[in-house]
Amino acid sequence: MSTAPGPARAVVVVGGGLAGVPAALDLADRGHRVTLVETRPRLGGLAFSFRRDSPVGALRVDNGQHVYLRCCTAYRGFLDRIGGTSLAPLQTRLDVPVLDPGTGRLGRIRRTALPVPLHLGASLARYPHLSPGERVSAARATFALRRLDPDDPALDGQDFAGWLRRQGQTDRAVEALWDLIGVATLNARAGDVSLALAAMIFRTGLLTEPGAADIGVPRVPLGDLHDTLARAALDRAGVTTLLATRAGRPRRAPGGGWRVALAARGGRDRHELTAAAAAPAAPPGPAPRLLPEGALDHPGRLPRIGTAPILNVHVVLDRKVLRRPFFAAVNSPVQWVFDRTTSSGLSGLPGGARAQYLVLSQSAAGEEIQLPADVLRKRYLPELARLLPPVAGARVLDFFVTRERAATFAPAPGVGRLRPGAVTRAPGLTLAGAWTATGWPATMEGAVRSGLAAARAVAGGGSAPTRSDDRHEESV
Ligand SMILES: Cc1cc2nc3c(=O)[nH]c(=O)nc-3n(C[C@H](O)[C@H](O)[C@H](O)COP(=O)(O)OP(=O)(O)OC[C@H]3O[C@@H](n4cnc5c(N)ncnc54)[C@H](O)[C@@H]3O)c2cc1C
């Protein structure tokens, strides 16, 4: 664990998501006295679980299916830190079954033990959803990615689809290969994605280490990791965690440092914290309300960061219809399908029948996010049956949807120059959140990286501590 080079200071971290929690842990590890403030009655931010009283009994439901990749080193470090690594295991080797309901053909995106970039060669050579010519062209485009520098500002303003076209990628190759991965990781189709972000993701996942894109899937509800284990780790680290408490805009304290007004849920209990440093780790929407005047170089840029929705369609069936933990679909409105039976706590049905709980994870959901559940049911159940024929004979025991309208920031061309860094113009006030300038799209990895960057910035600078900075002042 890292230790503080400077004196211990009181620090308030605002936001208990995957940016705020690692920031708080890191600051505590450095010897600071940390208070973490979270509006909701739980930690985890956008990656959380809830209980559903379903016709098949109590289910533990994630607001949205989350996966990570082996190259997500900061998120993996966080899992280690909270003791959650074994609960979100990584594949030994990347293996994504890809099904086309039109042809009935199953392709596999998987790697061998060969070094980069040969590790994907065999899989691409046999990928049935592309013609032989498209496969050769896709391999060439993968090589061409090497020439792109994600940090080159010129790439930020361009869109990924244009670049793919210039590499000779057909519409089918974009849909059956590039968007298959890109929509799930970037939450937008190639035409709506900054080339810089696409280059960063595809280069990191495909061209760094052979195992970089191996997929990790939690086998427990997200809340077990991001709330229960995270809270225990914060307690062990000595962080004071205030849940169901809203933080206000930090104000300069007379003796230096920051005063942060806190209001418990319902507004009954109000008090104030004084801290040497503050680290808002909230989404871009509420972030301006947490930043003092003059903190950002370009405050007008924040509202221009758009958001993108993710829809999850949850289906509980009276029988097992899927043997694999997950698969992806092409030539279908269905994107990725995960088996959630074990992680949701779904037990068997009376008489020993084995029910199965599937979730369809639909990124870049666009206007679908608004559609009523019955319309989505009519759209997705027949499509699921096209992909998994036993679904047609199965009884649907439960069907519901979860919608996250602002699941991620929109990775649109030009977004890179809108994202502020961790360091602000206000001494001792640093910024975190997956939407800040991490170089990553809005992911758990980006969130954790932003939190660690903010913690480093707090530890490395800020206003000089004073006596009053070092005291948690509480007043009504
Ligand atoms: C449905 C869905 C699926 C996703 N799938 C994936 C995936 O598969 N892989 C992946 O890597 N990422 C995925 N993501 C993205 C990932 O969940 C987010 O990027 C990440 O969780 C963002 O973390 P954060 O801490 O930056 O922000 P948030 O999670 O938004 O956390 C900010 C926190 O600040 C709190 N807050 C705000 N204002 C205040 C205030 N005034 N006082 C106190 N607290 C405040 C909020 O309540 C919130 O808890 C997905 C997201 C969604 C919604």
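The values are calculated or read from the model by the stated rules, or taken from the named source; none is laboratory data. Because the structure is predicted, anything quoted here is derived from the model rather than measured. Counting neighbours? That spans all protein chains shown, and the Cβs are built from the backbone with ideal geometry, glycine included. Protein only, heavy atoms only, side chains kept; ligands, DNA and RNA dropped before computing areas. Shrake-Rupley method; radii C 1.70, N 1.55, O 1.52, S 1.80 Å.
Accessible surface of region 1-143, 1.4 Å probe: 57 percent of it comes from carbon and sulfur atoms. Probing with 1.4 Å while keeping every protein chain in the model, the per residue accessible area of the chain equals 42 Å².
Between S131 and D269, the modelled label-to-label distance comes to 6.8 nm, taking each label 7 Å out from Cα in the direction of the beta carbon.
Mean separation of Cα pairs under 8 Å and 6 or more residues apart, divided by the residue count, gives region 109-212 a relative contact order of 34 percent.
Rolled with a 1.4 Å probe across the full set of protein chains, the surface gives R165 an accessible area near 150 Å².
The heavy atoms of I215 present about 10 square angstrom of accessible area, all protein chains included, probe 1.4 Å. For a modelled paramagnetic label at A353, 7 Å from Cα along Cα-to-Cβ, the residues of region 369-405 in reach, with backbone nitrogen under 13 Å, are 393-398. Over the chain, the ratio between the Cα radius of gyration and 2.2 N^0.38 Å evaluates to 1.01. Specify whether the C-alpha gyration tensor of region 92-144 places it in the rounded, prolate or oblate class, a ≥ b ≥ c being the square roots of the eigenvalues: rounded for a/c under 1.5, otherwise prolate if a/b is larger than b/c and oblate if not. Oblate shape, in that a/c is at least 1.5 and b/c is the bigger or equal ratio.
For the chain, a simple Cβ point-charge model (Lys and Arg +1, Asp and Glu -1, everything else neutral) yields a dipole of about 380 debye relative to the Cα centre. Over the chain, DSSP H runs of length four or greater, each weighted -39,500 (n - 2.57), average out per residue to a 222 nm ellipticity of -7000 deg cm²/dmol. Packing here is the average count of other Cβ atoms within 10 Å per residue, and on that basis the peptides 397-407, 275-285, highest first, run 275-285, 397-407.
Whole angstrom only: what separates the Cα centroid of region 358-426 from the Cα centroid of region 135-210? For region 358-426 versus region 135-210, the Cα centre distance is 21 Å.
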